[in-house]
1. Just name the residue that is surrounded by the fewest Cβ atoms within 10 Å (Cβ to Cβ) out of those in the stretch 267-325 that are of a type in the set (Val, Ile, Thr) and under 24 Å from the mean Cα position of the chain (by Cα).
2. How about the stretch 186-216: which of its residues are touching a residue at least 40 places away in the same chain (Cβ under 8 Å) and within 20 Å of the chain's Cα centre (by Cα)?
3. Between Pro225, Pro188, Pro165, Pro200, which is touching a helix residue (DSSP H, G or I) at 6+ places or on another chain (Cβ under 7 Å) and surrounded by fewer than 20 Cβ atoms within 10 Å (Cβ to Cβ)?
4. Please determine, by comparing only the residues of the stretch 43-86 that are assigned to a loop (DSSP other than H, G, I, E, B) and buried (at least 18 other Cβ atoms within 10 Å of the Cβ), which one is modelled with the highest pLDDT.
5. Could you please give the count of residues in the stretch 115-156 that are under 17 Å from the mean Cα position of the chain (by Cα), outside any loop (DSSP other than H, G, I, E, B) and modelled with pLDDT of 80 or more?
6. Can you tell me which residues in the stretch 213-235 are outside any strand (DSSP E or B), under 18 Å from Pro282 (Cβ atoms) and touching a Ser or Thr at 6+ places or on another chain (Cβ under 8 Å)?
7. Just to be sure I understand, how many residues within the stretch 25-49 are among the basic types (Lys, Arg), within 15 Å of the chain's Cα centre (by Cα) and within 20 Å of His254 (Cα to Cα)?
Amino acid sequence: MPAAFKDYYKTLGVDRTASPDEIKKAFRKLARVHHPDVAKDKKAGEAKFKEINEAYEVLSDTANRKKYDDLGENWNAQGAPPPPGGFPPQGHGGGHEQEFHFEGTGFSDFFEQMFGRGRAQGFGGFPGAEGEPRSSRRSGMRHGQDIEGAISVTLEEAMHGSVRPISFQTADPATGQIRTESFKVRIPKGALEGQVIRVPGKGEAGVGGGEAGHLFLRVRLASHPDFRALGADLYHDLPLAPWEAVLGTTVRVHGIDGDLNVKIPPGTSNGQRLRLRGRGLPKPKSEERGDFYVVADIQTPTQVNAVEKELWEQLNHKSTFQPRG
């Protein structure tokens with residue numbers, strides 16, 4: 001059965017005409033309240049954070065947002081084409097479609113059906129994920145189909161690694177039989193965007209005594225209200241007052257694994273990147289870490305009182321700085 005429609009605009013509390021900047025601000029505001037690290041009720045916060053992260057995952061991506069808007073609430077009734085690879089995957093019994101869904105990956109069935117993939121249909125980057133069931137020399141014995149899914153991984157999980165309980169449910173429409181299997185997936189320390197986690201034997205069941213297929217989970221790093229990840233490097237936008245950028249200062253910044261003192265040199269320009277070596281995410285299968293970049297975001301006061309206005313006017317008259325040459 002098709003999954004229930006998710007109103008991502010309602011989840012973030014923005015209008016359908018919201019600009020990318022408005023969507024980003026709405027996500028950050030909600031994420032700072034519901035992120036599992038800061039939420040008063042950790043379990044409820046984790047569930048809410050998954051919802052807002054999924055909404056932001058779609059609405060912050062131009063192509064995904066267009067697809068979501070074009071299809072609308074009647075996305076399934078409009079005869080929308082299945083995602084690449086098809087969904088749900090085809091079972092091996094008489095060509096019937098076998099329905100399935102995951103629990104614990106951080107994404108809803110709606111997201112998986114609209115933006116994810118189902119069976120592994122010869123997609124790139126998934127070692128061992130064949131498009132057709134693997135045949136055995138023994139007649140009638142076939143390996144089960146490999147299945148692909150997405151798994152949302154927080155930056156904290158990528159930082160330290162974790163073990164995630166996953167539930168995988170399949171329903172055979174030919175028999176109505178429902179099978180639920182629960183297992184644990186190890187998210188390795190240093191798991192980065194696009195990395196594939198292979199779970200042997202957790203794909204579709206084999207035929208005629210053949211081995212089960214495999215489950216391939218592609219890592220999608222969850223958005224964070226304070227950091228952006230690019231590979232193992234982290235980026236943090238740091239608001240600065242104009243005089244802090246001109247005169248220089250030292251700012252206490254919250255990093256992924258603790259607070260950091262960041263020295264802002266005199267004459268820092270807007271958008272300038274300040275690098276702290278080795279304070280990013282762990283690199284896969286390595287003891288090294290990426291870098292942490294503080295990006296200067298110089299803020300201009302929108303309102304000033306009488307005293308401040310007088311000081312700005314004095315600076316205007318006395319400064320030798322010529323921004324236009």
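The values are calculated or read from the model by the stated rules, or taken from the named source; none is laboratory data. Since we're looking at a predicted model, the values are computed, not measured. Note that we place each Cβ from the backbone using ideal geometry, even for glycine, and neighbour counts take in every protein chain shown.
1. Among residues in the stretch 267-325 that are of a type in the set (Val, Ile, Thr) and under 24 Å from the mean Cα position of the chain (by Cα), the one surrounded by the fewest Cβ atoms within 10 Å (Cβ to Cβ) is Val295.
2. Pro188, Lys189, Gly190, Ala191, Leu192, Gly194, Gln195, Val196, Ile197, Arg198, Leu215, Phe216
3. Checking each option against the conditions leaves just Pro225.
4. Trp75
5. The qualifying residues number 8.
6. Across the stretch 213-235, the qualifying residues are Ala222, His224.
7. 1
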